[in-house]
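The values are calculated or read from the model by the stated rules, or taken from the named source; none is laboratory data. Bear in mind the structure is a predicted one, so any value in this text is a computation, not a measurement. Cβ coordinates were reconstructed from backbone atoms using ideal geometry, including for glycine residues, and neighbour counts include every protein chain displayed.
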Amino acid sequence: MIRSWNSRKIVAAIALLCIVCLSAKHVMATEEDMAELAVIIPHLCAACHVLEDPSSGNSVLNAFGLDFLENGRIWDTDLAQLDSDGDGCLNGVELGDSDGDGVADGNVTQQAGNPGVQDGCGSGSLVDERTWDALKAMFDR
Ligand SMILES: [Ca+2]
Ligand SMILES: [Ca+2]
């Protein structure tokens, strides 16, 4: 009987530890995800989530968040070249890191637009943006 009681305590302790670890991983993953982006102001969580202040019970991803997830939670050139929200502005341009190298473009300190919301970026067509990316890449070498 005593042995059975101790076994139940051990099982309960392991279950509690798993819950704590999973919760901690969720928070750490979010911080790691945000660290992937060179510029996070002003949209912060809303760059990837529908809500500005998502919680574990309500953390629905927007179009960019879904693409970021599908890309393995990695910010790179491929993701920078997508227009996740379909507003005519590439993700990289909206986030202020047009080539997706993890470094903000020039003197950029704020996101030009939200990559998950159709808000545009006012910098012209996609062809112009890609040309700008090619020019910028020449000077980054
Ligand atoms: Ca866009
Ligand atoms: Ca947008």
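What number of residues within the stretch 72-107 are within 16 Å of ligand 1 (Cβ to nearest atom) and either small (G, A, S) or surrounded by fewer than 17 Cβ atoms within 10 Å (Cβ to Cβ) (or both)?
So the count comes out to 10.
Would you please name the residue that is farthest from N114 (Cα to Cα), looking only at residues in the stretch 66-96 that are outside any helix (DSSP H, G or I) and of a type in the set (G, A, S)?
That would be G72.
In the stretch 72-87, how many residues are touching a Leu at 6+ places or on another chain (Cβ under 8 Å) and farther than 19 Å from A46 by Cα?
Adding up the residues that qualify gives 1.
Conditions tested, residue by residue: (1) within 14 Å of ligand 2 (Cβ to nearest atom); (2) in contact with a Ser or Thr (Cβ under 8 Å, 6 or more places away or on another chain); (3) of a type outside the set (D, E, K, R); (4) in contact (Cβ under 8 Å) with a residue 60 or more places away in the chain.
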site	(1), (2), (3), (4)
L51	no, yes, yes, no
S56	no, yes, yes, no
V60	no, no, yes, no
L69	no, no, yes, no
L82	yes, no, yes, no
V93	yes, yes, yes, no
T109	no, no, yes, yes
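Determine, yes or no, whether L51 is in contact with a strand residue (DSSP E or B) (Cβ under 8 Å, 6 or more places away or on another chain), modelled with pLDDT under 95 and not in a helix (DSSP H, G or I).
Yes.
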